[in-house]
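Down below is the structure, laid out as structure tokens.
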Amino acid sequence: MRLSGVVFSKILGMDTNITIVAPKVLNEISQYKVVYLLHGLSGNNKTWIDYSMLTYYAREGKTIYVLPEVNRSFYTNMKYGLNYYTYITDELPTICKNLFNISSDRENTAIIGASMGGYGALKCALLKPEQYGMCAAFAPCCLFLKDEVEEVRKSNIDRKYIDRFGSQLENDMIAVFGEDLKVSESDDIWEVAKNLNDKEIKPKIYIAVGKNDILYDENIKFKNAMQNFDFDFTFEEWEGTHNFTFFDEGLNRAIKKFDL
């Protein structure tokens, strides 16, 4: 079952697109598990259903998938833009729980994404572990954001990222972080993970990256760093690049791993 439409967000001050994917037959169970499935930099609320087998995976499952839309915001409260992080973590769950029979328990709540969506999923899960019990990220970007923004500040952004994600990437960073590109600790995945390490409540994390992905080295660096931490952390790599052929397989594996 698929539903697409708009909801009014008080946080954003406007209508915003949303897609819901649910099992073919909704049974009278207590509550469904929920996955907030986040799109990448060039995507929208329909990208996952357009380019993956999500509707097939959800068909016989026990999970409702929520696909929001955040434009090119990097799932942040933007310096020059809208408060998308607050919308995703605070308002969107409330809207969905009022409309659908989904669980409020962190053990039944996952947040998943690819590329920019992978960054967003990790950020939300690590900042709000009491809310998200599971997190999956496929070739997530910006894992060491402060270092990467420093390269942008030096006008030394790698040409391969411009070619892949568009010439407006530097302007995106300015819209998100301001002209001085000041990155807060809460926007840096590595810093947030370090701060959460000693806490009792932490999300289960699954990361996957293709061996030929342009973000491969960054993801390997993050994997090696996370091995020193006390997280339920799984990392996989296999042949693939930064595309939905790989992301779809990652989604399939995450669904099985988290029993969704």
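The values are calculated or read from the model by the stated rules, or taken from the named source; none is laboratory data. From a predicted model like this one, the values you see are computed outputs, not experimental measurements. Here the Cβ positions follow ideal geometry from the backbone for every residue, glycine too, while neighbour counts run over all protein chains shown.
Scanning region 28-37 for residues that are touching a Cys at 6+ places or on another chain (Cβ under 8 Å) and either part of a loop (DSSP other than H, G, I, E, B) or closer than 18 Å to Tyr84 by Cα (or both) returns a single hit, Tyr36.
Residues are listed down the side, and each one gets a yes or a no for (1) surrounded by 19 or more Cβ atoms within 10 Å (Cβ to Cβ); (2) part of a loop (DSSP other than H, G, I, E, B); (3) in contact with a helix residue (DSSP H, G or I) (Cβ under 9 Å, 6 or more places away or on another chain); (4) on the phi > 0 side of the Ramachandran plot:
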| position | (1), (2), (3), (4) |
| --- | --- |
| Glu107 | no, no, no, no |
| Ile112 | yes, no, yes, no |
| Ala121 | yes, no, no, no |
| Ala125 | yes, no, no, no |
| Ala137 | yes, no, yes, no |
| Leu143 | yes, yes, yes, no |
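The C-beta contact set for region 245-260 (first residue within 17 Å of Ile111 (Cβ to Cβ), second residue of a type outside the set (A, V, I, L, M, F, W, C) and assigned to a helix (DSSP H, G or I), distance under 6 angstrom, 6+ apart or interchain) comprises Ile255/Tyr57.
Gly40 fulfils the conditions (1) farther than 22 Å from Leu251 by Cα; (2) part of a loop (DSSP other than H, G, I, E, B); (3) at pLDDT 95 or above except for a single criterion, (1).
For Asp198, the criteria (1) farther than 30 Å from Gly81 by Cα; (2) buried (at least 17 other Cβ atoms within 10 Å of the Cβ) hold in every case but one, which is (2). Does any residue of region 21-34 turn out to be more than 18 Å from the chain's Cα centre (by Cα), surrounded by 15 or more Cβ atoms within 10 Å (Cβ to Cβ) and among the aromatic types (Phe, Trp, Tyr)? Checking region 21-34: at least one residue is more than 18 Å from the chain's Cα centre (by Cα), surrounded by 15 or more Cβ atoms within 10 Å (Cβ to Cβ) and among the aromatic types (Phe, Trp, Tyr).
Table: residues versus (1) more than 26 Å from Pro140 (Cβ to Cβ); (2) part of a loop (DSSP other than H, G, I, E, B).
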| position | (1), (2) |
| --- | --- |
| Ile11 | no, yes |
| Asn17 | no, no |
| Leu26 | yes, yes |
| Tyr57 | no, no |
| Val66 | no, no |
| Val70 | no, yes |
| Thr89 | no, no |
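If you go through region 91-105 and keep only what is closer than 19 Å to Pro203 by Cα and in a helix (DSSP H, G or I), you end up with just Pro93. Is it fair to say Ile189 is touching an Asp or Glu at 6+ places or on another chain (Cβ under 9 Å) and of a type in the set (A, V, I, L, M)? So Ile189 fails the test. Note on region 78-105: residues that are surrounded by fewer than 18 Cβ atoms within 10 Å (Cβ to Cβ) and touching a helix residue (DSSP H, G or I) at 6+ places or on another chain (Cβ under 7 Å) total 4. Tell me the residue from Gln227, Gln168 that is closer than 17 Å to Gly40 by Cβ, surrounded by fewer than 20 Cβ atoms within 10 Å (Cβ to Cβ) and out of contact with any Phe, Trp or Tyr (no Cβ under 7 Å at 6 or more places or on another chain), please. Exactly one residue qualifies, and that residue is Gln168. For beta carbons closer than 9 Å, sequence separation of 6+ or different chains, a first residue in region 3-25 that is at negative phi and a second that is exposed (fewer than 11 other Cβ atoms within 10 Å of the Cβ) and among the charged types (D, E, K, R), the qualifying pairs are Pro23/Glu60; Lys24/Glu60; Val25/Glu60.
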